[in-house]
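*Asks:* Quick one: the structure is below, and I'll ask about it shortly.
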Amino acid sequence: MNCPSVDKLTQYADQLLTQEEQQNIEKHLKQCGSCQQIVALFEGEDQFLKDTLQAPTLPDDFEAQILAQVKPYKKKRTLWKVGSGVAAAAVLSVGILTAVSPSFAQLITSFFSTELVDTGLQEAEILGFVEAVNYEVTSNGLTVRVDEVMADSTRIAFTYQIIDKNGKIKNPHFDNWNEKNNMKFVNKNNEELPQEDYGSWSYKEGDIGFFELRTPNVTEDVLLKWQIRDINGKEGNWDMDIPIPIEKALASMTIVDLQNATYAQQNVSVTFEEARFSPSATEINYTTAFTKPLKETKLSAKVHTPPEVDVAYTIEAENGELLATNFTFGRYFGENNGVISALGSTSEDQQQKTIKEMFIPIKAEKPTLVVAGFLNHETVEKSVKFRPSNLENSNKDKPILLLNDEPVIIKSMKQVNKTSWKMDWPFIQRERYTEIMIDYDREKIKEELDSWVLEDSKGELYTAYNNGDSLLVYGLDSLDDEFTLHLTKVVKFNPLEEPWRLPLYE
């Protein structure tokens, strides 16, 4: 069944169709995620209107009466949770007023004190590192306004809104990294500073946009120059300068020199350089490396990710309490605790990787970093030949690739045309790719089957992207051929015989 029209989905949500039509669409929704999302939007809109129309009517001067008794947000506050009927009623009142007046909501609380941000940013707000500002630029009927800025020695974050000429708040999402829109840091001499990352954007409740970037490695205040020339197809000039107070942040930072402490095992090593403690985060800086050159093959150029070394570690308090786990530890053991982000850069020869890993603030007096082991990316050469047409025949044995004497079965291969929704223009995205389904016993094959390459009968190589139980191949026009599937890299965990403990204090 083809996807129903938007009008039909609207009528389905309002239960205006015949019983047969309702049942047909209900059956379609069970296998179509896109239509499920559309119906959910319509149903949510109906519920919002119902709740709004049933809300009690407030006096015309209600907001003025309340504002006369409330001072604008400036000072730091403590966080509180809803735990009683009175508190719940207060939250309900705030919610009603937020719909009436966004400015009133901003007077009551800082965005950085809500659960929409991580606890590190909440801590920075409590300690006074969040500043309420009002930087705004208007062009071509749209206003971009920055409301709050947080800056310390590890990261910078700010909130913003996009408002049309009628005062309506628009969806804040737009592409910020292209030839028209970008960000850069400059110093007092207007010289551009090196930028370690390009920031992360997230969409928060209430049509608030939220940007987060790494703090540049400087010792004085800087300026964040935000160039905006295109907002979802609407051109204008919303360029904005945002002052970033670095000097205050540096005064609150503690750096612990880890003196390049190094641990090596087999052909890999890790060296820890320093730990940085700031109001919003704790950052661990370290380098992993191969101690022996890696073997190159004809397939290396098509490997999706090059071989690398990851180290799995935790951070513990003096009494053994677990304070945080890094991304690699969480990836292998399934336990992510306190980690915020990680930024890595690999050397040209692929032998070394420098990593800055950020956690929520570690407040223990004597924390210790405990290395559990290495997650090694190892090159392998395992291959299997097959014809896609033979995979459709249930009477034929499926092709098998052997890894450590355990079978990896090639189940099917088909071409897929996929349509998905995007938040920016064009809103519909179409993809065409080939999907190869694989199956193996994960209890017996402990390694992660990380990188694959598909080769056709002419020797043309295609990267096969690992998607869990399937591999995705782009650019393949026909399946009427014999193919060879190569497994080129596996990831395996090598634990240390005894955990290595490194104090994060002097």
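The values are calculated or read from the model by the stated rules, or taken from the named source; none is laboratory data. Computed from a prediction, not measured in an experiment: that's the story for all the values here. Please note: Cβ atoms are built from the backbone with ideal geometry, for glycine as well, and neighbour counts cover all protein chains shown. Note: areas computed on protein heavy atoms with side chains; ligands, DNA, RNA excluded. Shrake-Rupley method; radii C 1.70, N 1.55, O 1.52, S 1.80 Å.
*Asks:* Identify, from the list 338, 330, the residue that is buried (at least 18 other Cβ atoms within 10 Å of the Cβ), modelled with pLDDT of 80 or more and within 28 Å of residue 253 (Cβ to Cβ). Can you show your working first?
*Replies:* Numbers: 330 fails: buried (at least 18 other Cβ atoms within 10 Å of the Cβ).
Exactly one residue qualifies, and that residue is 338.
*Asks:* Considering only the range 293-308, I want to know if a residue exists there that is free of Cβ contacts under 8 Å to residues at least 60 places away in the same chain, within 30 Å of residue 489 (Cβ to Cβ) and open to solvent by less than 50 Å² (accessible area, probe 1.4 Å).
*Replies:* no
*Asks:* Among the listed residues 463, 419, 434, which satisfies the condition of being part of a strand (DSSP E or B), exposed (fewer than 12 other Cβ atoms within 10 Å of the Cβ) and β-branched (Val, Ile, Thr)?
*Replies:* Values: 463 fails: exposed (fewer than 12 other Cβ atoms within 10 Å of the Cβ); 434 fails: exposed (fewer than 12 other Cβ atoms within 10 Å of the Cβ).
Going through 463, 419, 434 in turn, the sole match is 419.
*Asks:* Here's something else I'd like to know. Using beta carbons and a limit of 7 Å, which pairs, at least six apart or on different chains, have the first residue in the range 124-135 and closer than 14 Å to residue 245 by Cβ and basic (Lys, Arg) and the second one open to solvent by 20 Å² or more (accessible area, probe 1.4 Å) and at pLDDT 95 or above?
*Replies:* none
*Asks:* Checking residue 201 against (1) surrounded by fewer than 18 Cβ atoms within 10 Å (Cβ to Cβ); (2) at pLDDT 90 or above, only one condition comes out false. Which one?
*Replies:* The one condition residue 201 does not meet is (2).
*Asks:* Can you tell me how many residues in the range 215-240 are in contact (Cβ under 8 Å) with a residue 60 or more places away in the chain, surrounded by fewer than 20 Cβ atoms within 10 Å (Cβ to Cβ) and assigned to a strand (DSSP E or B)?
*Replies:* Here the count works out to 3.
*Asks:* Which condition from (1) out of contact with any Leu (no Cβ under 7 Å at 6 or more places or on another chain); (2) closer than 26 Å to residue 118 by Cα; (3) at pLDDT 90 or above; (4) open to solvent by 10 Å² or more (accessible area, probe 1.4 Å) is the one that residue 325 breaks?
*Replies:* (4)
*Asks:* So, in the range 311-325, exactly how many residues are in a strand (DSSP E or B) and of a type outside the set (Val, Ile, Thr)? Break it down stepwise before answering.
*Replies:* First, pick out the residues of the range 311-325 that are in a strand (DSSP E or B): 311-316, 322-325.
Checking which are of a type outside the set (Val, Ile, Thr) leaves us with 312-313, 316, 322-324.
Residues that pass the stated criteria total 6.
*Asks:* Quick one: which strands (runs of 3 or more DSSP E) lie wholly within the range 118-172 and hold at least 2 residues that are aromatic (Phe, Trp, Tyr)? So that I can check it myself, show each step before the final result.
*Replies:* Numbers: elements: 130-139, 142-151, 155-164.
Passing ranges, in order: 155-164.
*Asks:* For residue 444, all conditions in the list (1) assigned to a strand (DSSP E or B); (2) touching a residue at least 12 places away in the same chain (Cβ under 8 Å) hold save one; what is the number of the exception?
*Replies:* Against the list (1) assigned to a strand (DSSP E or B); (2) touching a residue at least 12 places away in the same chain (Cβ under 8 Å), residue 444 comes up short only on (1).
*Asks:* On to the next question. Here are some residues: 294, 250, 343. Which one is aliphatic (A, V, I, L, M), out of contact with any helix residue (DSSP H, G or I) (no Cβ under 7 Å at 6 or more places or on another chain), part of a loop (DSSP other than H, G, I, E, B) and at negative phi?
*Replies:* On the way: 250 fails: part of a loop (DSSP other than H, G, I, E, B); 343 fails: part of a loop (DSSP other than H, G, I, E, B).
Exactly one of 294, 250, 343 is aliphatic (A, V, I, L, M), out of contact with any helix residue (DSSP H, G or I) (no Cβ under 7 Å at 6 or more places or on another chain), part of a loop (DSSP other than H, G, I, E, B) and at negative phi, namely 294.
*Asks:* Okay, next question. Sort out which residues of the range 346-386 are assigned to a loop (DSSP other than H, G, I, E, B), at pLDDT 90 or above, out of contact with any Pro (no Cβ under 9 Å at 6 or more places or on another chain) and exposed (fewer than 15 other Cβ atoms within 10 Å of the Cβ), and write them in order of number.
*Replies:* Here is the first cut: in the range 346-386, the residues assigned to a loop (DSSP other than H, G, I, E, B) are 347-351, 360-367.
Remaining after also requiring at pLDDT 90 or above: 360-367.
From what is left, the residues that are out of contact with any Pro (no Cβ under 9 Å at 6 or more places or on another chain) are 360, 362-365.
Across the range 346-386, the qualifying residues are 363, 365.
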